[in-house]
1. Just checking, which of VAL370, VAL358 is in contact (Cβ under 8 Å) with a residue 60 or more places away in the chain and assigned by TED's automatic domain parsing to the domain that holds ALA452?
2. Name the one entry in LEU186, LEU269 that is in contact (Cβ under 8 Å) with a residue 24 or more places away in the chain and in a helix (DSSP H, G or I).
3. In segment 356-383, what residues are surrounded by fewer than 15 Cβ atoms within 10 Å (Cβ to Cβ) and in a strand (DSSP E or B)?
4. Give the residue, chosen from ALA237, ALA232, ALA264, ALA247, that is of a type in the set (A, V, I, L, M, F, W, C) and not in a helix (DSSP H, G or I).
5. Does LEU280 fit the bill of being within 56 Å of the chain's Cα centre (by Cα) and surrounded by 12 or more Cβ atoms within 10 Å (Cβ to Cβ)?
6. Report yes if THR233 is surrounded by fewer than 16 Cβ atoms within 10 Å (Cβ to Cβ) and within 29 Å of the chain's Cα centre (by Cα), otherwise no.
7. Which members of segment 73-125 meet the condition of being charged (D, E, K, R), under 18 Å from VAL52 (Cα atoms) and without any contact (Cβ under 8 Å) to a residue 60 or more places away in the chain?
8. Out of (1) of a type outside the set (A, V, I, L, M, F, W, C); (2) surrounded by 15 or more Cβ atoms within 10 Å (Cβ to Cβ); (3) under 14 Å from MET12 (Cα atoms), the odd one out for GLN223 is which?
Amino acid sequence: MKNPLNTLTGRMVAVTIVAVIVSYAIAFAIYTNERGSALRRAAETNLAERIVFAAERLREIPAARRPAAAESLRDFSLRFNVSPAPEVSANLGGGGARISNAIGERLANAEVHAQTRTVDAPSRRWRRGGPPGPGGDERFPPPERMPPRDGRGFGDGGGPDGPGDPPMVRVTEARISVRLDDTTWLNATARLPGPRPAPFSAIVGALASIVIVGIGAALVSRQIGRPLADLATAARALGSGETNVAAPVSGPEDVRRASTAFNAMAERLGRQLNRQRQMLWALSHDLRTPITAIRLRAELIEDEAERQRLLASVAEMETLTEQALSLARAGASDEARTKVDLAEIARTLCGELDDMGVNVRADANESLVVECRPSEVARAMRNLAENAAKYGGGGVMRVYESGTNDAVVEVIDDGPGVAPDLLSKLTNPFFRADDARGEATGAGLGLAITQAIADGHGGRLVLENRSPRGFSAKLILPA
């Protein structure tokens with residue numbers, strides 16, 4: 001299975017989605033921080049105003065009545081009490097300092113101490129079972145059904161193990177002490193909203209945006225990726241030796257220009273290759289007539305030794321002509337591609353060569369079916385087998401499937417091999433590695449023909465020395 005991230009569409013979608021997620025994460029972080037700061041400032045301002053209101057009212061009544069009056073001012077999230085000494089004796093900065101400054105400004109610079117901390121407390125939205133409270137809203141039960149007060153003046157839901165315990169949430173507890181006069185302090189304990197996550201609607205909107213952007217990126221990248229894939233397919237066809245190759249001109253303007261340029265190049269290259277092949281075909285064909293005439297005249301020579309030398313030269317000229325014609329046709333045959341068993345071809349070919357005295361045996365017991373031009377592939381396999389027998393004293397033809405699912409026809413021998421600096425030149429037309437071949441003769445076109453056949457099938461020819469001795473020639477074809 002192909003990895004989608006190896007395609008243009010997959011990578012563009014992945015990069016776009018990652019970019020959107022990172023941008024949303026940064027935006028959410030900023031939004032959540034600003035939203036939390038705004039909520040905290042609003043809650044602190046509201047708390048300061050309520051405490052100022054309570055302090056102003058308590059200052060107007062006698063000191064003896066202040067404790068009862070302070071108790072009556074409490075609500076679900078705010079508790080008051082009056083004492084001779086402050087419950088908070090210093091400011092610790094942060095939210096406490098802001099609350100203290102706000103109260104001091106509203107009470108003509110009265111002495112104020114405030115502290116805040118984050119604690120776990122029962123949820124204010126918890127609802128006990130039973131009939132609704134006044135107004136039918138269960139969120140605000142009547143005083144007789146409110147949870148008992150804990151040490152800070154907040155409900156605890158009847159204890160941790162009581163039935164219907166409220167859920168615990170993170171809140172900010174504020175404790176404030178305000179001087180009423182020389183002998184009395186107003187102490188307040190309040191619950192402010194704690195850290196809040198981003199709203200669910202914002203998260204859903206972000207996810208929807210990511211999906212929409214991902215779909216849009218996929219559509220855009222597909223408009224680019226499909227023409228590029230068509231262009232790559234046309235390039236592979238051109239590399240396989242096909243001449244009438246054209247890539248579809250579609251997609252964005254840049255891609256259309258690339259396809260148009262490729263088509264023009266393919267057309268020029270096709271014309272040039274066709275001219276070269278036609279010239280080589282015509283030359284090889286025309287050489288047959290004078291070669292035949294020379295052979296006929298050689299047959300009339302009475303000197304047997306001279307006649308045999310001349311006939312040997314004529315035979316070499318005929319071989320060279322036929323191989324040149326084969327090279328011109330290699331990879332450009334009109335033969336239809338069909339599915340064949342390379343192992344069967346290897347066994348048949350080695351059997352025929354053995355009957356001709358060529359020492360090559362087949363090691364191809366398992367079937368390996370590929371789609372190819374059978375006659376061309378058989379010619380390439382024959383060339384490799386004959387080279388192994390001629391220059392290595394014999395060889396073994398193996399057929400197997402590579403780790404990348406390609407079909408491999410490998411011919412190995414135990415000959416002297418080839419000098420490393422000559423390996424890259426072995427497929428050049430008319431090149432002969434004389435040091436490796438000894439007294440062997442040939443036109444030097446066998447491997448060039450095999451290379452052309454491999455290229456025409458989209459495959460490759462790999463030539464390498466074996467260790468410690470021998471040579472390996474691999475014809476690799478796409479399965």
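1. Details: VAL358 fails: in contact (Cβ under 8 Å) with a residue 60 or more places away in the chain.
Exactly one residue qualifies, and that residue is VAL370.
2. Matching residue, one of LEU186, LEU269: LEU269.
3. Start the filter on segment 356-383 by keeping residues that are surrounded by fewer than 15 Cβ atoms within 10 Å (Cβ to Cβ), which leaves 356-357, 365-367, 369, 371, 375.
Result: VAL369, GLU371.
4. Values: ALA237 fails: not in a helix (DSSP H, G or I); ALA232 fails: not in a helix (DSSP H, G or I); ALA264 fails: not in a helix (DSSP H, G or I).
From the options ALA237, ALA232, ALA264, ALA247, the qualifying one is ALA247.
5. Details: within 56 Å of the chain's Cα centre (by Cα): yes; surrounded by 12 or more Cβ atoms within 10 Å (Cβ to Cβ): yes.
Against the criterion (within 56 Å of the chain's Cα centre (by Cα) and surrounded by 12 or more Cβ atoms within 10 Å (Cβ to Cβ)), LEU280 qualifies.
6. Working: surrounded by fewer than 16 Cβ atoms within 10 Å (Cβ to Cβ): yes; within 29 Å of the chain's Cα centre (by Cα): yes.
Yes: the conditions hold for THR233.
7. The initial filter retains those residues of segment 73-125 that are charged (D, E, K, R), namely 74-75, 79, 87, 98, 105-106, 111, 117, 120, 124-125.
Okay, now just the ones that are also under 18 Å from VAL52 (Cα atoms), so 74-75, 79, 87, 98, 105-106, 111.
Those that are charged (D, E, K, R), under 18 Å from VAL52 (Cα atoms) and without any contact (Cβ under 8 Å) to a residue 60 or more places away in the chain: ASP75, ARG98, GLU105, ARG106.
8. Every condition holds for GLN223 apart from (2).
The values are calculated or read from the model by the stated rules, or taken from the named source; none is laboratory data. From a predicted model like this one, the values you see are computed outputs, not experimental measurements. Glycine also receives a Cβ, built like all others from the backbone with ideal geometry; neighbour counts cover every protein chain displayed.
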